[in-house]
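Notes follow once the structure below has been shown.
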Amino acid sequence: MDTVDIRHRVEQLQIDYAYCIDSGHFEDWPEFFTDECVYRIISRDSYEQGHESGFYYCRSKNMLRDRVLALRETTIYEPQRYRHVIGGTRILDSGDKRCRAESNLIVVRTLQAGEMSIFAAGAYLDTITFEPETPKFIEKVVVTDSPQIDMLLAGPL
Amino acid sequence: MDRKPSAIETGWPEEGLTRVPYDVFDSGEIFEREQERLFRGPTWNYLGLECEIPEPGDYKLNFIGTTPIIVCRNGEGEVRAFVNRCTHRGSLLCFRNRGNEKVFTCVYHNWSFDLDGNLKGIAFRRGVNGQGGMPKDFDEEKHGLEAVRVTTRGGVVFGTFSDDTPDLEEYLGPQMTGFIDRMFNRPLRVMGHYSHRLRNNWKLVMENVRDPYHASILHLFFGSFGLSRHTMEGAALLDDSAWHHIVYTKRATDDISGSEYEGGKLKSMKSNLSLADPTLLDEWQEFDDGITNMVQTVFPAVTFQQITNCLGVRHLVPKGPDEAEMIWTLFGYEDDEDWQREIRRTQANLVGPAGLISLEDGAVTNFVQRAIRGREGHEASVVELGGDAVESSANRVTEATVRGFWKGYRDVMGL
């Protein structure tokens, strides 16, 4: 693959990923990951200090599925929507089989009464595999610039 | 708009601790009185963990109520705390959340203070060419930083503004002190740190934390996966003053047959659910007493928690009558092995603003804040589960622990 091809595939993955979450299709969200994967949401301050614990820590696709199970069955919160804007992707260490990529991320959260806020800003630190055909995340670390969460963080970022 | 008289003028409802006037959750007047009587009064307030400031000169910032505080380690290795306000013109002295300094120098006019809070330097103290400067009789000794009285136990740092606050051990009583010693029994290691902005009065959070009634009802995950149910062995404890509380449960000690948990009678029980990756709930028995869930508060505003092996501090900082910040510190021990650290970080999924068993708390306390608006008279909440008792019980279908908070509150606030 040439660099244009890699960039295209990574960006398409990000677009599909954002669409999945923003449209509320949480059941499809784990399918963006390999069976053995790591998904974390952690503040930049904690990430830079090397802390283990953040807001989310899943270390298998099944743990992602369990998050979705909890969101659907046991979690109670007001209806709300996320809108992801992902951009400024930098491709790092690319090869035919995998690459690392870092992207900027802004998530606007809209509550049912209409209140909108910039809920999260930060970066995706991704490791992506191109095998098999469909690119998937081996690791996705969501590093949030703010250490603070407003009220609650229900759905994934 | 006419201002309604608050509970300061009208008094507490005659029913006593089983009623809480909603005024206390949104009155600006009451909020101001809390700062003076509660947070600057005879209470021990959480300031941090000693492991966060291990070396001389290390400091971190925190708050007691709304007052900004510097917590540091002085040259002799002792923990000190001061109001983070330059005694010259009132600027924040430190504005980075943590760091290491030999002296604290205010950026505004370079007044500097040593690690014991003494004023050590004033820029242009003697003026320039004999002109200007401070008066010759200006007394530096009277212009040190406002000190906070500090005590530590098991590496936990508490501070108080009042000389009337008894020693921490007397303040807590033997049982509560024993539980501090139980968890803070050896050197700690911080594993995570974050903040949770709550759009509600801080006391709604303290009620929530001290309320074992809601735990397995609101938090469906809790009951569904058997983490905590009222049918398990446990206790709701109060010290003699009732200011402080502990609720604990011992998992795997219950039989739900014949209870409301059986057969889906309680909405909170979804016994048909199972985890795709049950290692989420991997655990080991950390304490010999068999306790798997333990929540302890030290009045007024800090909580220590053990959710199986996820250990943490939740420090509540009031930001206004209808806003608060909960600052979380998750920790393990220095001697943890890698597998133990991995279990702790995995269980951290259960807690915090994204926590599988706590996410709803940020919603429900805000629901109260929104619902009490527009009330007509002096309405009050009902805190009557378990009658009007303010005492320990093995039974956790009680709000005695919530009433204990209000007892402490009224004792100090004069309400």
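The values are calculated or read from the model by the stated rules, or taken from the named source; none is laboratory data. Computed from a predicted structure; not experimentally measured. When we count neighbours, we look across all protein chains shown, and the Cβ atoms used for this are built from the backbone with ideal geometry, even at glycine.
Summary table
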| read-out | value |
| --- | --- |
| Test result for residue A:39, surrounded by 15 or more Cβ atoms within 10 Å (Cβ to Cβ), more than 7 Å from chain B (Cβ to nearest Cβ) and either part of a loop (DSSP other than H, G, I, E, B) or among the hydroxyl-bearing types (Ser, Thr, Tyr) (or both) | yes |
| Matching residues in segment B:176-199 - criterion: being closer than 19 Å to residue B:299 by Cβ and touching an Asp or Glu at 6+ places or on another chain (Cβ under 6 Å) | B:176, B:177 |
| Given (1) facing chain B (nearest Cβ under 9 Å); (2) among the charged types (D, E, K, R); (3) more than 20 Å from residue B:352 (Cα to Cα); (4) in contact (Cβ under 8 Å) with a residue 40 or more places away in the chain, index of the condition residue A:7 fails | (1) |
| Test for residue A:90: is it farther than 22 Å from residue B:198 by Cα, of a type outside the set (Gly, Ala, Ser) and touching a Phe, Trp or Tyr at 6+ places or on another chain (Cβ under 7 Å) | no |
| Flag if residue B:7 is within 30 Å of residue B:386 (Cα to Cα) and either loosely packed, with under 15 Cβ neighbours inside 10 Å or out of contact with any Ser or Thr (no Cβ under 6 Å at 6 or more places or on another chain) (or both) | yes |
| Looking only at segment A:124-142, and only at residues there that are of a type outside the set (Ser, Thr, Tyr) and free of Cβ contacts under 8 Å to residues at least 24 places away in the same chain, the one that is surrounded by the most Cβ atoms within 10 Å (Cβ to Cβ) | A:132 |
| Of residues in segment A:42-59 being in contact with a Phe, Trp or Tyr (Cβ under 9 Å, 6 or more places away or on another chain) and small (Gly, Ala, Ser), the one surrounded by the most Cβ atoms within 10 Å (Cβ to Cβ) | A:53 |
| Sole residue being modelled with pLDDT under 80, among the aliphatic types (A, V, I, L, M) and more than 17 Å from the chain's Cα centre (by Cα), chosen from B:188, B:237, B:220 | B:220 |
| Where a residue in segment B:351-363 is at the interface with chain A (Cβ under 7 Å from one of its Cβ atoms) and its partner, wherever it lies, is part of a helix (DSSP H, G or I), with Cβ under 7 Å and at least six apart | B:353/B:359; B:353/B:362; B:356/A:70; B:356/B:221; B:356/B:349; B:356/B:350; B:360/B:218 |
| Residue that is nearest to residue B:104 (Cα to Cα) [pool: residues in segment B:133-168 that are assigned to a loop (DSSP other than H, G, I, E, B) and touching a helix residue (DSSP H, G or I) at 6+ places or on another chain (Cβ under 8 Å)] | B:161 |
| Sole residue being of a type in the set (Asp, Glu), closer than 30 Å to residue A:133 by Cα and modelled with pLDDT under 95, chosen from A:16, A:22, A:2, A:35 | A:2 |
| Residue check for residue A:47: more than 9 Å from chain B (Cβ to nearest Cβ), more than 19 Å from residue B:220 (Cβ to Cβ) and part of a helix (DSSP H, G or I) | yes |
| Selection from segment B:161-205 of residues that are among the hydroxyl-bearing types (Ser, Thr, Tyr), more than 12 Å from chain A (Cβ to nearest Cβ) and surrounded by 18 or more Cβ atoms within 10 Å (Cβ to Cβ) | B:165, B:171, B:177 |
| Residues of segment B:333-346 that turn out to be within 9 Å of another protein chain (Cβ to nearest Cβ), touching a residue at least 60 places away in the same chain (Cβ under 8 Å) and surrounded by fewer than 23 Cβ atoms within 10 Å (Cβ to Cβ), as a count | 2 |
| Any hit, segment B:290-303, residues being closer than 24 Å to residue B:341 by Cβ, at pLDDT below 90 and surrounded by fewer than 23 Cβ atoms within 10 Å (Cβ to Cβ) | no |
| Among residues of segment A:64-76, those that are assigned to a helix (DSSP H, G or I) and free of Cβ contacts under 8 Å to residues at least 12 places away in the same chain, counted | 4 |
| Qualifying position, being basic (Lys, Arg), closer than 24 Å to residue B:286 by Cα and part of a strand (DSSP E or B), among B:396, B:314, B:344 | B:314 |
| Residues that are surrounded by 19 or more Cβ atoms within 10 Å (Cβ to Cβ) and either facing chain B (nearest Cβ under 7 Å) or modelled with pLDDT of 95 or more (or both), drawn from segment A:69-83 | A:69, A:70, A:74, A:75, A:82 |
| Qualifying strands (runs of 3 or more DSSP E) (wholly inside segment B:49-132; at least 2 residues being surrounded by 22 or more Cβ atoms within 10 Å (Cβ to Cβ)) | B:58-64, B:67-73, B:79-83 |
